[in-house]
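I have placed the structure first, in the form of structure tokens, so that the comments after it can refer back to it.
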Amino acid sequence: MKIVIAPDSFKGSLTALEVSTLIEYGIKKAVPEAETVLVPVADGGEGTMESLVAATNGKKVEVMVKGPLLEPVQAAYGVLGDEETCVIEMASASGLMLVDLEERNPMLTTTFGTGELLRQAMDDGYRKFILAIGGSATNDGGIGMLQALGMRFLDSNGALVGYGGAEVGRIVEIEDGDFDPRVAECEFLIASDVQNPLIGPTGASYVFGPQKGATTEMVKLLDQYLSNWANLVEKKTGILLHDKPGAGAAGGIGGAFQAFFPARMQRGIDIVIEYTELEQKLTGATCVFTGEGQIDSQTASGKTPLGVAEAAKKHGIPVFVIAGSIGEGIDELYKHGITSVHSIVNAPMTLQHAINRSNELLEFTAEQVMRTFSAVYQK
């Protein structure tokens, strides 16, 4: 019996590799003789770089950059096994997890560090990039990244604007004369499962702003600021970001890539599936285990369990999802190849208690799912 284990991380609790290993422990308790193949994956958010580097026997390069609130942060970029492709994970430099809960404020947070990370990678000679842009703490339209790469933004007095989402509303002119010319020499593949436009009720500010610390009033202002930004970008480049799919990804940095970089966007999970060779590893598999911290209606937008299930469905392989918690709207997932969904929470408990016990709960749940499946499979 061959079992492929391909989960995402449980954010704030376990890495994808740790989740894979714990699921394997549970499976082996139920069926000791099972052959297990571990394929830790990600969908363009945190863990994407680690997954791709591990899958290709690559390496990580540490870089000191400015964090979301301009504090020093030890970030890193990855180099794949081909020694040519560089993976930059936005969350490493500008991620939400880098900002304490009480300090989260997208009016202030900046993508400057992501630009520094990219600049250093170009300094080191790389010209082929995969950009994983999930998990950001920002809503600045990507101007911080552009500032780090030499672009200048002026206010009504001709002075340079500062950093953060609030500063986007002050911009009246874009100067790109000093924008790093090496950008035009590069190839950028943007890993993101977000198709939201830049502005409006389904845009960056309204949909993602609250989870980054934005109040209701902030959301309205941030949307206005990004509208101003989109108007300026249209005037400068002729590109309309306002309702462009994917422009609202990661607080609008998706739009910055679409407007100023030779870039194309692709679902993060599809990129990871390709580089980890998940499709090939599914050959001969009896079943697949995948998972993520929270599974709900958003999973259908292209998150890890959906991508894994779609790949397994081509081979007629059942897929079991193990999650920290289960939200509303999961019925949609079954048509994509997911067989069943299982929460690790087996008794009333707080979120913190579940996180503290996540190791044992995850292993236990995997064991129970495997015991049920093997009993049916062997009949």
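The values are calculated or read from the model by the stated rules, or taken from the named source; none is laboratory data. These numbers were taken from a predicted model, which means no experiment stands behind them. Here the Cβ positions follow ideal geometry from the backbone for every residue, glycine too, while neighbour counts run over all protein chains shown.
Structure values in brief
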quantity: Number of positions in region 316-338 that are within 22 Å of S374 (Cβ to Cβ), touching a residue at least 24 places away in the same chain (Cβ under 8 Å) and out of contact with any helix residue (DSSP H, G or I) (no Cβ under 6 Å at 6 or more places or on another chain); calculated: 3
quantity: Sole residue being surrounded by fewer than 21 Cβ atoms within 10 Å (Cβ to Cβ) and modelled with pLDDT under 95, chosen from L80, L96, L101, L69; calculated: L101
quantity: Verdict on V39 being in contact with a helix residue (DSSP H, G or I) (Cβ under 8 Å, 6 or more places away or on another chain) and either free of Cβ contacts under 8 Å to residues at least 12 places away in the same chain or outside the structural domain of G165 (by TED's automatic domain parsing) (or both); calculated: yes
quantity: Residue in region 166-179 that is basic (K, R) and outside any helix (DSSP H, G or I) present; calculated: yes
quantity: Filter result for the condition that a residue is at pLDDT below 95, surrounded by 21 or more Cβ atoms within 10 Å (Cβ to Cβ) and of a type outside the set (K, R), over A91, A121; calculated: A91
quantity: Pick from region 203-237, criterion over 22 Å from the mean Cα position of the chain (by Cα) and of a type in the set (S, T, N, Q), ranking: surrounded by the most Cβ atoms within 10 Å (Cβ to Cβ); calculated: S227
quantity: Residue within region 124-134 that is in contact with a helix residue (DSSP H, G or I) (Cβ under 6 Å, 6 or more places away or on another chain) and crowded, with 24+ Cβ neighbours inside 10 Å present; calculated: yes
quantity: Qualifying residue in region 185-193 (condition: at negative phi, surrounded by fewer than 16 Cβ atoms within 10 Å (Cβ to Cβ), in the same structural domain as E84 (by TED's automatic domain parsing) and within 21 Å of the chain's Cα centre (by Cα)); calculated: yes
quantity: Tabulated pairs, region 91-104, first closer than 18 Å to S192 by Cα, second among the basic types (K, R) and in a helix (DSSP H, G or I), C-beta under 8 angstrom, 6+ apart or interchain; calculated: L96/K212
quantity: Residue within region 323-344 that is assigned to a loop (DSSP other than H, G, I, E, B), modelled with pLDDT under 90 and of a type in the set (D, E) present; calculated: yes
quantity: All positions within region 182-205 that are closer than 26 Å to I273 by Cβ and either among the charged types (D, E, K, R) or in a strand (DSSP E or B) (or both); calculated: E187, F188, L189, I190, A191, D193
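Residue-wise test of (1) of a type outside the set (D, E, K, R); (2) touching a strand residue (DSSP E or B) at 6+ places or on another chain (Cβ under 7 Å).
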site	(1), (2)
E167	no, no
D178	no, yes
E185	no, no
F188	yes, yes
